[in-house]
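Asks: First the structure, which I've put down as structure tokens, then a few questions once you've had a look.
The values are calculated or read from the model by the stated rules, or taken from the named source; none is laboratory data. No experiment lies behind these values; they were computed from the predicted model shown. For neighbour counting, all protein chains shown are included, and Cβ atoms are generated from backbone atoms with ideal geometry for every residue, glycine included. Quick note on the areas: whole protein, heavy atoms, side chains included, nothing else; ligands and nucleic acids left out. Shrake-Rupley method; radii C 1.70, N 1.55, O 1.52, S 1.80 Å.
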Amino acid sequence: MRYISTRGGVAPIGFAQAVMMGLATDGGLLLPESVPQVNAAALRRWAGLSFQELAVEVMRPYVGEDLTRDELADLVQRSYAGFAHPEVTPLAEVGDARILELFHGPTAAFKDVALQFLGNLFEHILEREDGQLNILGATSGDTGSAAIYGVRGQPRINIFILHPYQRVSPIQERQMTTVLDANVHNIALRGNFDDGQRIVKALFSDLEFKDAYRLGAVNSINWARILAQIVYYFYAWGRVSGGDTGRKLVFSVPTGNFGDIFAGYMAQRMGLPVERLVLATNRNDILSRFVNTGVYQASEVYPTISPSMDIQVSSNFERYLYFLMDQDPHQVKALMEQMAQAGKLEIPADKQAEVKQLFAAAAVSEEETKAQIKATYAATGYILDPHTAVGVSAAQGYTGAVCLATAHPAKFGDAVKDAIGVEAEPPPSLQGLMDKETRCAVLDATADEVLAYMQQTLGN
Ligand SMILES: *Cc1c(COP(=O)(O)O)cnc(C)c1O
């Protein structure tokens, strides 16, 4: 399988190179040149597989020649061995909804499903080329810890994660700073999240430094993250349908950067029987407005009780646009230029109709989110985290929908307690965090300080 850019400016490259490239060098996003097709016989067979077996089947055509079947199977085994549930992503029947629990990984959020795999994949590729990688990223909370857990202890990788000093939740802070492996470097910046992002951008555009230190990114634009997320759509379908290919499912997906729901879209394009993808946003509703009006236009970012979805411009949206615009990079480029210049883009009416054939969308308010946590708890005793509650609320009217549960409710204990008066029992991975030893550097929020710290840490 070869990979190309949504903007047409990258000569086709292989899987491993696409994973190492992250963002396409022409500013676009990398996608496979063609979408592998899954026929009915394969769907029926896959419905009986374990999560790990299924992951190998789903990923194999995307990986092409770059990994043997055994290498891929080994990566998959190691990536999901640390999950707290034997099914990895089990499906719970909750009232008339189905909750796809994606939070059994080490940081209790769905990002583990992709980042555990990406960490092992990076290490595998680096071993083969006898290379080293220095990952640099800024986090407002969730992604940082999942990325750290994905690469902790990997001998060929160092990771530097910037978070705003004393401005992430105590649990989130502890999840990052209690990881004491020698290759993990937490940096708390005296500033806010935007300062962190600004510094990361500045260091990545220092090309001399970037090349000398082989800087890499782990944000959600990496193709391998999408790939790992396609798997659980097939898994959920297999568990519900038992392999009956006439059975189409509705999936409801709490959405921020359009990564998770784009994986669902890829599954559908591969041939998974999907009736509808429900795109659920909180008050930060650029994506739900797009589905409902055909106009993509940012407004300001509001803080909510589902903070991992407090995003306006979505980094993966361009991948969907590429398929919507009939895989024509010129049209994608023109629309993205429109976006950069006018702050909005608009698709033609026939394309909007196409969007609505597959997607439905709703923006869920703070009050509705809390009401959903309360209603589900009262009716079933099951506790939803606020992100998952947004998806469950948006799925109203779709009986039997599969709702993706993106975080464990104990991770957002305050919002849950506010809604139902009790907190969820924390999973083992979140217990005892406040008593553990921590390591973290506190720096001024300047690129020079961070650069000097990295050079010193890396030994020249
Ligand atoms: C990252 C995240 C999301 C949003 O996922 P996207 O792929 O950005 O759409 C939703 N819920 C939680 C808990 C998250 O951490």
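Asks: Inspect all residues belonging to the stretch 349-357 and state whether any of them is at pLDDT 95 or above and in a loop (DSSP other than H, G, I, E, B).
Replies: no
Asks: Here's another thing I want to ask about it. Just need a number here: residues in the stretch 250-260 that are touching a Leu at 6+ places or on another chain (Cβ under 8 Å) and either under 17 Å from Ala224 (Cβ atoms) or within 6 Å of the ligand (Cβ to nearest atom) (or both).
Replies: Matching residues across the stretch 250-260 total 4.
Asks: Additional query: Which of (1) in contact (Cβ under 8 Å) with a residue 12 or more places away in the chain; (2) away from the ligand (no atom under 16 Å from the Cβ); (3) not β-branched (Val, Ile, Thr) does Asp130 not meet, given it meets every other one?
Replies: (1)
Asks: Another one. Considering (1) of a type outside the set (Lys, Arg); (2) open to solvent by 60 Å² or more (accessible area, probe 1.4 Å); (3) at pLDDT below 95, say which one Glu275 fails and leave the rest.
Replies: Exception for Glu275: condition (3).
Asks: Which pairs have Cβ atoms under 8 Å, sit 6 or more apart or on different chains, and link a residue in the stretch 251-265 that is of a type outside the set (D, E, K, R) to one that is outside any helix (DSSP H, G or I) and near the ligand (Cβ under 6 Å from one of its atoms)?
Replies: Pro254/Thr406; Asn257/Ser220; Gly259/Ser220; Ile261/Thr255
Asks: With Ala389, Ala419, Ala401 as the choices, which residue is within 15 Å of the ligand (Cβ to nearest atom) and crowded, with 20+ Cβ neighbours inside 10 Å?
Replies: Ala389
Asks: Now for a different question. Six or more apart or on different chains, Cβ under 9 Å: which pairs go from a residue in the stretch 315-337 that's open to solvent by less than 50 Å² (accessible area, probe 1.4 Å) to one that's part of a helix (DSSP H, G or I) and basic (Lys, Arg)? Could you list them?
Replies: Filtered contacts from the stretch 315-337: Phe323/Arg269; Leu324/Lys351; Met325/Lys351.
Asks: Got a number for residues in the stretch 168-197 being surrounded by fewer than 17 Cβ atoms within 10 Å (Cβ to Cβ) and either small (Gly, Ala, Ser) or over 21 Å from the mean Cα position of the chain (by Cα) (or both)?
Replies: The total comes to 7.
Asks: What residue, of Asp414, Asp435, Asp448, is closer than 30 Å to Thr281 by Cβ, open to solvent by 50 Å² or more (accessible area, probe 1.4 Å) and either aliphatic (A, V, I, L, M) or out of contact with any helix residue (DSSP H, G or I) (no Cβ under 6 Å at 6 or more places or on another chain) (or both)?
Replies: Within the list Asp414, Asp435, Asp448, the selection yields Asp414.
Asks: Please go through the stretch 84-103 and pick out each residue that is away from the ligand (no atom under 16 Å from the Cβ) and modelled with pLDDT of 95 or more.
Replies: If the condition is that a residue be away from the ligand (no atom under 16 Å from the Cβ) and modelled with pLDDT of 95 or more, then Ala84, His85, Pro86, Glu87, Val88, Pro90, Leu91, Ala92, Glu93, Val94, Arg98 are the ones that fit.
Asks: Working only within the stretch 422-432, note down all residues that are within 16 Å of the ligand (Cβ to nearest atom), closer than 13 Å to Phe103 by Cα and either of a type in the set (Gly, Ala, Ser) or open to solvent by 90 Å² or more (accessible area, probe 1.4 Å) (or both).
Replies: Ser429
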